[in-house]
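A quick write-up on the structure given underneath.
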Amino acid sequence: MSGVEQEPIRWYGNWFRQKTAGLFRGISAGGTWLLLGGMLVSMFALMANPLSGLVVVLITIVALLLLMWRDRHHMNVLDKIGERLVFWNQKSKGLTAYRAGLISKIPHGHAQLPGMLAQSQLFEFRDSYGDPFAAIYYRTTAQYTLVFMSQPQGESDVDQEQRNQWVANWGQWIAERSNELGAEQITATVETAAESGIRARAEVERRLDPNAAPFSRAVMRESVAGAKTPRITSYVTVTFAAVPRPGAAARPMDEMAVFLSTRVRALAAQLSQTGAGPVRPCTPADLTELARVAYEPATAEFFDQARSENEPYQLQWDEAGPTAHQADWDKFFHDGAVSRTWTMTQPPRAAVQETSLRVLLNPHPELTRKRVTMIYRPMEAQEGARTVDKQVNEATAERGMQKRANARMNASHSAMQRTADEEANGAAMVPFGMIVTATTADLDNWSALDYAIESLSAQARILLRPAYGTQAAGFAAGLPLGIVPAQHSQLTGVMRRL
């Protein structure tokens, strides 16, 4: 009797960091131009005044050394100095503090969303079946974002073949956005939070049979009296540009409304095939609650209570922001809670399985809320081909600079060659990044955020770095609201490259 052949476990990897090779190892193309410029200036300075020429040479050498030294997050000294200068400039202008409400400068005393979300507008459109869905419009970047809410099916009692198929469908769904007109960004967010228990008690009360025995009803009520099971919610956003291609005119809102209404159902149906479970587009009420609870976690209980009493709380988009927040160098205080945001600076060095992020996504008992957001930036086929060819040339140049290439250089060159082969056979190039935000209501124990996230990221073999100086912006970018970090020039360092 022959056994059933098991589906093999697949491994995923071969990602790379884009870089430019310089004149010699350890220096980028920017450093090479600095070296050449310094040599040219010092040559003229030496002819005019030997002392000034020596000063120029010394400055050039010091600048090159500062550029060549990089820490494990690929940040050099000049990057870190730039972070400090930008933060000090924002703090001196009062941009790190936000106050809303009746005594603030905000018109009508509204609790408007701060920062990059301040220029956003929330609209309700109708799909081809007449069902409502929400779209967020960003005036500064002329972009529209669709937000989908899902209930993932989980992996219990799921065989390996089904897991592999889900991963393949998810990769295919992202790759298809590269050919979508105006699609600029995709994010996938998994948010875990402590459950108030109101939803569980309301569900039990709704299902209780009034004719059941009093003892049975009492047992059911007691079973959920202290229920504190974590709440896990998943979101997927797709951001479209009103300008479909460079040089084209921006599509007006009525045209974008028609475009989005024809795409929203198809996108949700395709997402359902990726293991996301039932998927539906978010409504304006969903997004206003999402934003308000993110900035003031204590309000989650009030929303649950209103929903259990069939009296949903009506909140407008211009009232979904915090009453106050304070962004420090490495933490973010907002309406009775404190958060810290990290960005991924290095993915796993080796190949991983589909469960590699499980430990990072699971609920954590010491965190009030935790949000893990993956950011994907689809590339057009031509741009992807140019990127791959350039990186193959850079890897070849780096290896050629050494008389004897080491194992790391050979592995990097082989990985880039495999990527080029895959791209030539139709695979899509998709730059990606990650933002992790942890929140606690215990303002005196905010350092627990560090211990929790650093431990989880180490187990997931992902290198994270706090978003120093951009905590408020990082917090907003990690929300499933469709912000494209690369298009906001005030972000620095790793945040700009997401």
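The values are calculated or read from the model by the stated rules, or taken from the named source; none is laboratory data. Keep in mind it's a predicted model, so treat the numbers as computed, not measured. Cβ atoms come from the backbone with ideal geometry, glycine included; neighbour counts cover every protein chain shown.
Taking the numbered list (1) buried (at least 16 other Cβ atoms within 10 Å of the Cβ); (2) under 23 Å from the mean Cα position of the chain (by Cα) in turn, Ala100 passes all entries but (2).
Sort out which residues of region 151-195 are surrounded by 15 or more Cβ atoms within 10 Å (Cβ to Cβ), under 19 Å from Glu383 (Cβ atoms) and either at pLDDT below 85 or not charged (D, E, K, R) (or both), and write them in order of number. Gly171, Ile174, Ala175, Ser178, Glu180, Gly182, Ala183, Gln185, Ile186 - these are the residues of region 151-195 that are surrounded by 15 or more Cβ atoms within 10 Å (Cβ to Cβ), under 19 Å from Glu383 (Cβ atoms) and either at pLDDT below 85 or not charged (D, E, K, R) (or both). When the test is whether a residue is buried (at least 17 other Cβ atoms within 10 Å of the Cβ) and either acidic (Asp, Glu) or in contact with a helix residue (DSSP H, G or I) (Cβ under 8 Å, 6 or more places away or on another chain) (or both), Leu315 passes it.
Restricting the search to helices (runs of 4 or more DSSP H) fully inside region 388-498 and requiring at least 3 residues that are at pLDDT 80 or above gives 448-459, 471-478. Could you list, in sequence order, all residues of region 112-125 that are surrounded by fewer than 15 Cβ atoms within 10 Å (Cβ to Cβ) and touching a helix residue (DSSP H, G or I) at 6+ places or on another chain (Cβ under 6 Å)? The answer is Glu124, and nothing else. Within region 230-249, the set of residues being out of contact with any strand residue (DSSP E or B) (no Cβ under 6 Å at 6 or more places or on another chain) and either under 17 Å from Leu481 (Cα atoms) or modelled with pLDDT under 80 (or both) comprises Ala242, Pro244, Arg245, Pro246, Gly247, Ala248.
Here are Ala227, Ala202, Ala212: which of them is assigned to a loop (DSSP other than H, G, I, E, B) and at pLDDT below 65?
Unique residue meeting the criteria: Ala227.
Counting only residues that are among the acidic types (Asp, Glu) and in a helix (DSSP H, G or I), region 163-194 holds 1 of them. Flag: Glu319 does not match the condition of being over 24 Å from Phe125 (Cβ atoms) and assigned by TED's automatic domain parsing to the domain that holds Gly115.
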